[in-house]
Structure formats: C-alpha cells, structure tokens
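Okay, so here's the structure we're looking at.
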Amino acid sequence: MTFDLDIKNTVRTIPDYPKPGILFRDITTLLADARAFRRAVDELVHPWAGSKIDKVAGIEARGFILGGAVAHQLSAGFVPIRKKGKLPHKTVSMSYALEYGTDEMEMHVDAVQPGERVILVDDLIATGGTAEGAVKLLRQIGATVVAACFIIDLPDLGGAAKLRALDVPVRSLIAFD
Ligand code: HPA
C-alpha cells in the first residue's frame with residue numbers, strides 16, 4: 001500500500017520493552033506527527049465512508065485515542081471498552097486471555113443497542129486476546145461487529161487470524177514481522 005512506508009516510519013521501535021527480547025512498537029510518535037495521525041485515521045475510516053456505522057468501540061487505552069477520531073469522522077457514537085471497575089453505570093463483562101492468566105473488560109450495558117453496527121478499533125493487534133474479548137462482549141449485548149480495525153498487525157502472533165475465525169473482518173494498515 002502506498003501509505004505503508006509513510007505511516008510505518010513514524011512508529012518507534014523500542015527494544016527490550018517491557019521485557020528482554022520484545023520489540024515494542026510505540027505509536028506515540030505516530031500520534032505526535034500531525035500528517036501521520038491524520039493519514040492513519042483517514043485510512044481507518046475509508047472503507048466505511050457512506051455505510052451506516054452506529055458506534056465505534058475503542059479498547060482502553062490507545063483504542064480511545066484512535067476510536068474517538070474515527071467515530072468523529074464517521075459521525076458515529078463512541079463506546080469505551082475498559083478494564084474492570086472503571087465504568088460507573090451497569091456493565092457487562094468478559095474475561096480475556098493475557099500472556100499469563102486472564103483479566104476482565106467491561107462496557108456499559110446500554111452503550112450499544114441490539115442490532116447496532118459497530119466497528120472495533122485499537123492501535124495494534126498481537127495475540128488478539130483483548131480484541132477477541134471485545135468482540136464477544138459486543139456480541140453479548142446484541143451488536144453486529146462489522147469489522148475490527150488496527151493500525152498495526154503483528155501477524156506472527158496470530159491475532160488477526162483469531163478474529164477472522166470468529167467471522168470478524170479485520171483491517172490493519174501496516175504489519176511488522
Ligand atoms: N506495541 C504495543 N503494544 C503491544 C505490542 C507492541 O509491540 N505487543 C503487544 N502489545
């Protein structure tokens with residue numbers, strides 16, 4: 001894709017973070033670059049221009065930054081999917097797989113109406129545990145998950161394949177091996 005290098009070059013790679021042997025893809029440098037940020041949001045939005053999207057669901061915390069911008073551009077509502085205990089009203093929750101063990105994520109029970117068309121947004125998909133939990137959570141309250149969208153895919157970690165196995169179309173802008 002023609003935008004690939006532009007956007008890719010603005011992602012900073014931090015070796016050995018948070019643990020030795022991990023190459024951490026840091027998107028704060030992309031977000032701080034006005035052209036790259038706009039480009040990334042435009043490209044995330046592009047396939048949905050002209051189709052009805054009711055809500056954009058963003059996964060805490062980096063998914064909030066991108067999801068808010070995407071929702072604004074689509075004239076859709078924004079729905080936060082948060083770590084357990086952060087949302088004040090009645091919630092639904094879903095456990096999800098971490099590298100070691102599990103955790104729980106929540107959303108407000110009335111954040112999406114049954115049948116509403118929702119796009120899930122996060123900055124990066126790795127093993128897909130969080131995104132898979134988010135899809136299940138959205139479906140639990142009757143949402144139609146139209147797609148899951150990410151700036152970065154780490155395909156070797158299998159997350160995108162995991163979502164596609166759940167019949168969720170996955171779109172990412174760039175990949176790192
Ligand atoms: N960057 C940001 N978040 C992540 C990464 C990464 O490289 N791997 C797993 N989660």
Could you check Ala69 against (1) touching a Lys or Arg at 6+ places or on another chain (Cβ under 8 Å); (2) at pLDDT 95 or above and say which number it fails? (1)
Failed item, numbered, when Val170 is tested on (1) away from the ligand (no atom under 15 Å from the Cβ); (2) buried (at least 22 other Cβ atoms within 10 Å of the Cβ); (3) touching a residue at least 40 places away in the same chain (Cβ under 8 Å): (2)
How many of the residues in the range 76-95 are assigned to a strand (DSSP E or B) and in contact (Cβ under 8 Å) with a residue 40 or more places away in the chain? 4
If you scan the range 2-59, which residues turn out to be closer than 25 Å to Ala147 by Cβ, in a helix (DSSP H, G or I), open to solvent by 30 Å² or more (accessible area, probe 1.4 Å) and more than 16 Å from the ligand (Cβ to nearest atom)? Asp4, Leu5, Asp6, Arg35, Phe37, Arg38, Arg39, Asp42, Glu43, His46, Pro47, Trp48
Return the pairs, sorted by first residue and then second, in which the second residue is of a type in the set (Lys, Arg), the first residue lies in the range 37-51 and is more than 20 Å from Arg12 (Cα to Cα), the beta carbons are less than 7 Å apart, and the residues are 6+ apart or on different chains. Pro47/Arg171
How many of the residues in the range 87-119 are farther than 24 Å from Ser75 by Cβ, charged (D, E, K, R) and out of contact with any Asp or Glu (no Cβ under 9 Å at 6 or more places or on another chain)? 4
Residues of the range 137-158 satisfying the condition of being more than 14 Å from the chain's Cα centre (by Cα) and either within 16 Å of the ligand (Cβ to nearest atom) or surrounded by fewer than 20 Cβ atoms within 10 Å (Cβ to Cβ) (or both): Arg139, Gln140, Ile141, Gly142, Thr144, Pro155, Asp156, Leu157, Gly158
Quick check, is Thr127 more than 14 Å from the ligand (Cβ to nearest atom) and in contact with a Gly (Cβ under 7 Å, 6 or more places away or on another chain)? no
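The values are calculated or read from the model by the stated rules, or taken from the named source; none is laboratory data. What you see is a predicted model; the values in this text were computed from it and never measured. Glycine gets a Cβ as well: all are built from the backbone with ideal geometry, and neighbour counts include every protein chain shown. With ligands, DNA and RNA removed, areas are computed over all heavy atoms of the protein, side chains included. Shrake-Rupley method; radii C 1.70, N 1.55, O 1.52, S 1.80 Å.
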